[in-house]
Amino acid sequence: MFSVLRNARKSLGQAVLALSAVVLAACQPSVGTTVPTGNAVPVALLVPSGSGQASDQLLARSIENAARLAITDLGGVQIDLRVYPTAGQPGQASAAAQQAVADGAVVILGPVFAEEANAAGVAVASAGVNVLSFSNNPAIAGGNVFVLGPTFDNTARRLAGYAVRNGQSKIMIVHDRNAQGEAGRTAIQRGVAAAGGSIVATGSYEFSQNGIVQAIPAIAAQAKSTGAQAVFLTADTAGALPLVTQLLSENGVSPATTQYVGLTRWDIPAATLSLPGVQGGIFAMPDPALFAQYQARFQAAFGEQPHPVSAIAYDGIAAIGALAKQGRGMDRASLTQGAGFVGVNGVFRLLNDGTNERGLAIARIQNNAVTLIDPAPRSFGGAGF
């Protein structure tokens, strides 16, 4: 997750307003995209450049390139894109958002991190300008702030629905004992309830190697004694997943008889696919065919692979362009239209609470490779929703 569990949205008060005034003069946009401005939609893009971190600079470049690639695909819709650096800091994001509105922006795309997205939203709320952030943290969503990043709730609903439809309605949750794990647990609980399944047990572990080793025997015993048909894991590939899946299997919860379900992407990095414990496990992912096309086009256009977050920037421009083509504004009612939009991650729509719903595919790891077992829906109303 890109900005998991930053502080919840709150009024930033006088401190942020004062800081914004200091930073505002230094936060000038780069030159807008070279399109005629007569009927162009003025869009501000907030990127994390200026922090002095090479990783932020790379991310900012990838996001901007994705947005410009998306503009070329709009088929006649003109976008006046202006790019504002935030350095990944809330104060600079607030100042950038205010400057963007002063420059005429009718919608703000970005920024990346939850705290700066929150600050940008507060800064321009009184102007009635919406912020389509790249964050996935639902705590900041609402009001004039939307999160475009993939959320735990969306993923959990999709996976729980698939599991229950396929006879795996008795589900055990196994989660990290930290903020991300607890947020994942809550999302899984909601997803299973919505799908008509039941949570038969919940187990957790301290987020450390020793904590996992100590906890797994009791967790495995719970899974077996409650007859859990699926074990829903919050662990990710960079954290506890390799050890948790290995020890569950060694303690008698075999993935051959109990379905392992992953709340996070299990195919990144690719080395994860060779782990014995994840074989047979399922997880959700964006439409792989659409994303592969995007990667190829981005590589051809810019000579490098896109950062994963850049695809969300493309989706944001796709939504803005679709509304402009329909002659609609960037108001809440237009942004939350039920039909949604189509981007390089597949079909998606923005919800009234500021979160999003995305069409996700279900994949299984088999023989050290990813196999698609349930395709991503191409419109809303199908089995995946």
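Taking the criterion of being among the β-branched types (Val, Ile, Thr), within 16 Å of ASN130 (Cα to Cα) and not in a helix (DSSP H, G or I), the residues of the stretch 84-119 that qualify are VAL106, VAL107, ILE108, VAL112. Quick check: anything in the stretch 55-68 among the aliphatic types (A, V, I, L, M), at pLDDT 50 or above, under 24 Å from ASN345 (Cα atoms) and surrounded by fewer than 17 Cβ atoms within 10 Å (Cβ to Cβ)? For the stretch 55-68, residues among the aliphatic types (A, V, I, L, M), at pLDDT 50 or above, under 24 Å from ASN345 (Cα atoms) and surrounded by fewer than 17 Cβ atoms within 10 Å (Cβ to Cβ): present. THR202 falls short on exactly one of the conditions (1) closer than 21 Å to ARG364 by Cβ; (2) in contact with a His (Cβ under 8 Å, 6 or more places away or on another chain), and that condition is (1).
Under 22 Å from ILE317 (Cβ atoms) and of a type in the set (Val, Ile, Thr), is that true of VAL174? Here the answer is no, as VAL174 does not meet what is asked. Residue count for the stretch 135-155 under the criterion of being farther than 15 Å from ILE108 by Cβ and either of a type outside the set (Asp, Glu) or part of a loop (DSSP other than H, G, I, E, B) (or both): the result is 11. The strands (runs of 3 or more DSSP E) falling completely within the stretch 324-367 that include 1 or more residues that are at pLDDT 95 or above and within 26 Å of ALA125 (Cα to Cα) map to 341-343, 346-350, 356-358.
The test for being in the same structural domain as VAL344 (by TED's automatic domain parsing), over 21 Å from ALA319 (Cβ atoms) and touching a residue at least 12 places away in the same chain (Cβ under 8 Å) holds for PRO90. Reported count of residues in the stretch 69-87, each being hydrophobic (A, V, I, L, M, F, W, C) and without any contact (Cβ under 8 Å) to a residue 40 or more places away in the chain, is 1.
Each row is one residue, and each column tells you yes or no for (1) surrounded by fewer than 24 Cβ atoms within 10 Å (Cβ to Cβ); (2) at positive phi; (3) under 20 Å from the mean Cα position of the chain (by Cα).
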position	(1), (2), (3)
THR72	yes, no, no
ALA97	no, no, no
GLY104	yes, yes, no
VAL131	no, no, yes
THR155	no, no, yes
LEU159	no, no, yes
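The values are calculated or read from the model by the stated rules, or taken from the named source; none is laboratory data. Treat the numbers as computed from the prediction; the structure is a model and nothing was measured. Because the Cβ atoms are built from the backbone with ideal geometry, glycine has one as well, and the counts that use them run over all protein chains shown.
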